[in-house]
Amino acid sequence: MPKKAHLIAGLLATLMIATFFLATILVESFGSHEAVAAVKSLIVLPGLFILVPAIAATGGSGFYLSKSRQGRLVDAKKKRMPFIAANGLFVLIPCAIVLDRLAAAGEFNTAFNTVQALELVAGAANLTLMGMNIRGGLRLSGRLRPNL
Ligand code: HEM
């Protein structure tokens with residue numbers, strides 16, 4: 001059961017960040033200011049209210065699973081998790097809230113662009129780390145061939 005929960009929470013969290021990332025790039029490239037404001041608002045609500053519990057559940061269930069598993073792959077996943085969590089808590093969440101407020105006020109200015117750039121870089125970093133954790137996890141569970 002914790003294994004299934006970990007799989008679902010991990011994939012859901014990664015999919016959420018990928019969706020926020022892609023929706024942001026698409027709407028800011030092709031959408032109106034109103035559409036950008038709508039996407040920025042949806043990322044905060046319900047987005048963050050799904051993402052934060054999903055990341056917490058992934059970390060919690062991952063550490064639980066690691067009690068009965070050891071080795072290089074588990075160690076690497078454990079080391080990545082604090083970066084994923086800190087990046088989410090201290091960069092992605094504040095950025096999403098600030099961007100939502102600025103967009104709702106119609107302030108598509110330098111501050112918006114700077115925070116947006118920071119959010120995209122942090123999002124890409126988390127997607128990379130989470131992707132590496134998925135690959136390591138699938139190797140641990142035997143769904144992917146081990147990297148010999
Ligand atoms: C965002 C972070 C993470 C993601 C996206 C993630 C994703 C995954 C995925 C997709 C699997 C394969 C599950 C399956 O095939 O049934 C897995 C397995 C596993 N993960 Fe994670 N994981 C994350 C964090 C962690 C952390 C922090 C730990 C703790 C060290 C951890 C420990 C494990 C273990 C031990 C397994 C193997 C379970 C088994 O087959 O016995 N994961 N993970």
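The single condition among (1) of a type in the set (S, T, N, Q); (2) within 20 Å of the chain's Cα centre (by Cα); (3) over 26 Å from Arg139 (Cβ atoms) that Asn109 does not meet is (2). In the set (1) in contact with a helix residue (DSSP H, G or I) (Cβ under 7 Å, 6 or more places away or on another chain); (2) within 19 Å of Leu22 (Cα to Cα), Val52 fails one condition alone, (1). Number of residues in region 102-115 that are under 13 Å from Val39 (Cα atoms) and crowded, with 16+ Cβ neighbours inside 10 Å equals 2.
Starting from region 90-114, take each residue that is under 16 Å from Ala23 (Cα atoms) and list its partners that are open to solvent by 40 Å² or more (accessible area, probe 1.4 Å), counting only C-beta distances under 7 angstrom and pairs at least six apart or across chains. Hits for this filter: Cys95/Leu118; Asp100/Ser41. When restricted to residues that are farther than 18 Å from Gly142 by Cα, without any contact (Cβ under 8 Å) to a residue 24 or more places away in the chain and open to solvent by less than 80 Å² (accessible area, probe 1.4 Å), region 54-77 contains 2.
When Phe83 is tested against (1) open to solvent by 40 Å² or more (accessible area, probe 1.4 Å); (2) within 18 Å of Leu42 (Cβ to Cβ); (3) aromatic (Phe, Trp, Tyr), just one condition goes unmet, and that condition is (2).
Apart from one condition, Leu15 fits all of (1) among the hydrophobic types (A, V, I, L, M, F, W, C); (2) under 19 Å from Arg80 (Cβ atoms); (3) touching a residue at least 24 places away in the same chain (Cβ under 8 Å); the exception is (3).
Return yes or no: is Arg143 loosely packed, with under 14 Cβ neighbours inside 10 Å, at pLDDT 95 or above and near the ligand (Cβ under 8 Å from one of its atoms)? Yes: the conditions hold for Arg143. Identify all residues within region 120-139 that are within 8 Å of the ligand (Cβ to nearest atom) and free of Cβ contacts under 8 Å to residues at least 60 places away in the same chain; write none if there are none. Matches in region 120-139: Leu129, Leu138.
The values are calculated or read from the model by the stated rules, or taken from the named source; none is laboratory data. If you're wondering where the values come from, they're calculated on a predicted model, not measured in any experiment. Here Cβ is always computed from backbone atoms with ideal geometry, including for glycine, and neighbour counts include all displayed protein chains. Each accessible area value is taken on the protein alone, full model and side chains, heavy atoms only, with ligands, DNA and RNA left out. Shrake-Rupley method; radii C 1.70, N 1.55, O 1.52, S 1.80 Å.
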